[in-house]
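The values are calculated or read from the model by the stated rules, or taken from the named source; none is laboratory data. This is a predicted model, so every value here is computed, not measured. Cβ atoms come from the backbone with ideal geometry, glycine included; neighbour counts cover every protein chain shown. In case anyone asks, the SASA skips ligands and DNA or RNA and just uses the protein heavy atoms, side chains included. Shrake-Rupley method; radii C 1.70, N 1.55, O 1.52, S 1.80 Å.
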Amino acid sequence: MLRSLVGSEMCIRDRFTTSGLFRDLYGEHLLLLDKAGLMALDASRDLISHDYPALSLALRKALAPLGTDEQGGNESLEQNQFANNWVNEARELLAANPTMKAEQLGRQASLRVFGIAPGGYGAGINRLVERSGAWQDRSELAEVFIKRMGHAYGAGMQGESAQGVFERQLQSVSQTFLGRASNLYGLIDNNDAFDYLGGFNLAVETVSGKVPASAVINHADNRNLHIDALPEALLSELRGRFFNPQWIKPLMAEGYSGARTMGSEFIEYLWGWQVTSPDIINDRVWEEVKAIYVDDAMQLGLAEFLAQDNNRYVQSNILAVMLVAIDKGFWQADAATVKQLAEQFSDNIIEHGNPGSGHTHANHPMYALVKKQLSAERVQQLEAVLAKSRLT
């Protein structure tokens, strides 16, 4: 679920994206956001009509939902970013389709609230990153985000498909925000944050060619409001929680449940941020993950803990994610690291079976990297185990 400047939504300059849950619970807020945008446009109505007469009729149609609230104004486009964006969008649409009806032109250019189609939930990024063998390039995930999130909401708009408008507007986004109204979940112990904010940043990067600046607005306590840059927020959470022995040791006391929190939540969600924000999750992050969770650099007994009973399958998934990060070029690990991870991972699979996660299924392309690190005999043993889990 997304949070933002107004509760549970994400703001991208003068655009907003909504989660399915927020759409269901607070549909009236979406109408208010749409109306707020139209009122901002109305503040420059007279100036636009004078300076851009070809857009006058489209402008009147765009402002029609305001009814008696329409007042008009001469606010400059330099001051009024919403109106400036509307003019640019309308001119681009008109140039691309000179026969477009004024009503359609005006409304399309004013759309600023987007989300999942009615009845749908999730931007799709969280499910795709878990199936790392199903895609090769990050742009494939961006395409899914645009298709799923490109539905317009507002006056007279109940989730109609508007992917073209949405994608065109992504080109001018330079700053994104995620609002957090609660401290119940962090950025890395829940997959919603990278699904929406990470997915949005990835979509902007794919469409515009530039990574937008991104920040987290913390307004859980109205007496302590603050904005943190996304890199600072993510890395602080890593250091304060997931690389903190005071967090790790109590999890170990919970047995398999604690192991799953480490390997099936933390590592999976870190991987989600890796895919969407590779400029933040860099080599040093993975090197520290390996030092703590594989090499037990803190001497917590983590290596032995993750090798116990069913914890071993969690360990296999941790190793698999690290190998996938290497295989897809996110982590430039040295040769010794690749060999160590590949050998430990293959030993787990050969001796204890395939856990069957989205990173370990028998046809995953990552196995080609693993097999290059093994002896011919060990490759045969690994392939024999994998063959048993393949459908004929």
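Among the residues of segment 91-105, none qualifies, meaning not one is surrounded by 17 or more Cβ atoms within 10 Å (Cβ to Cβ) and touching a Gly at 6+ places or on another chain (Cβ under 7 Å).
Scanning segment 305-314 turns up no residue that is open to solvent by less than 10 Å² (accessible area, probe 1.4 Å), touching a helix residue (DSSP H, G or I) at 6+ places or on another chain (Cβ under 8 Å) and of a type in the set (Ser, Thr, Tyr). A single member of Ser277, Ser257, Ser264 is crowded, with 19+ Cβ neighbours inside 10 Å and not aliphatic (A, V, I, L, M), and it is Ser277.
Meeting the requirement of 3 or more residues that are more than 21 Å from Arg131 (Cβ to Cβ) and not hydroxyl-bearing (Ser, Thr, Tyr), the helices (runs of 4 or more DSSP H) wholly within segment 306-382 are 335-352. Scanning segment 211-242 for residues that are touching a helix residue (DSSP H, G or I) at 6+ places or on another chain (Cβ under 6 Å) and either among the aromatic types (Phe, Trp, Tyr) or assigned to a helix (DSSP H, G or I) (or both) yields Arg241, Phe242. Against the condition of a type outside the set (S, T, N, Q), closer than 19 Å to Tyr196 by Cβ and open to solvent by less than 70 Å² (accessible area, probe 1.4 Å), how does Arg15 come out, does it pass? Considered against the rule, which asks whether it is of a type outside the set (S, T, N, Q), closer than 19 Å to Tyr196 by Cβ and open to solvent by less than 70 Å² (accessible area, probe 1.4 Å), Arg15 comes out as yes. Within segment 167-185, restricting attention to residues that are open to solvent by 10 Å² or more (accessible area, probe 1.4 Å), closer than 25 Å to Glu130 by Cβ and in contact with a Lys or Arg (Cβ under 9 Å, 6 or more places away or on another chain), the residue that is modelled with the highest pLDDT is Arg180.
Return yes or no: is Val165 in contact with a Ser or Thr (Cβ under 8 Å, 6 or more places away or on another chain) and of a type in the set (Val, Ile, Thr)? So Val165 does not fit the description; no. On the stretch given as segment 209-225, residues that are open to solvent by 40 Å² or more (accessible area, probe 1.4 Å) and either at pLDDT 95 or above or not aliphatic (A, V, I, L, M) (or both) total 9. Residue-level analysis places Ala291 outside the set of residues that are outside any helix (DSSP H, G or I) and open to solvent by 20 Å² or more (accessible area, probe 1.4 Å). Gln299 meets all of the listed conditions (1) open to solvent by 20 Å² or more (accessible area, probe 1.4 Å); (2) modelled with pLDDT of 95 or more; (3) not in a loop (DSSP other than H, G, I, E, B) but one, namely (3). Please indicate, with yes or no, whether at least one residue in segment 373-382 is modelled with pLDDT of 95 or more and touching a Gly at 6+ places or on another chain (Cβ under 9 Å). Checked segment 373-382: no residue is modelled with pLDDT of 95 or more and touching a Gly at 6+ places or on another chain (Cβ under 9 Å). Across segment 226-253, the number of residues qualifying as in contact with a strand residue (DSSP E or B) (Cβ under 7 Å, 6 or more places away or on another chain) and surrounded by fewer than 17 Cβ atoms within 10 Å (Cβ to Cβ) comes to 4. Considering the conditions (1) of a type outside the set (Phe, Trp, Tyr); (2) at pLDDT 95 or above; (3) part of a helix (DSSP H, G or I); (4) over 18 Å from the mean Cα position of the chain (by Cα), Glu254 is excluded by exactly one of them, (3). Hey, can you tell me all the residues within segment 94-103 that are closer than 24 Å to Lys35 by Cβ and either touching a residue at least 40 places away in the same chain (Cβ under 8 Å) or in contact with an Asp or Glu (Cβ under 9 Å, 6 or more places away or on another chain) (or both)? Ala102, Glu103, listed by residue number. Taking helices (runs of 4 or more DSSP H) as the structural unit, those lying wholly within segment 107-210 and holding at least 2 residues that are within 26 Å of Pro65 (Cβ to Cβ) and touching a residue at least 12 places away in the same chain (Cβ under 8 Å) correspond to 138-149, 163-170.
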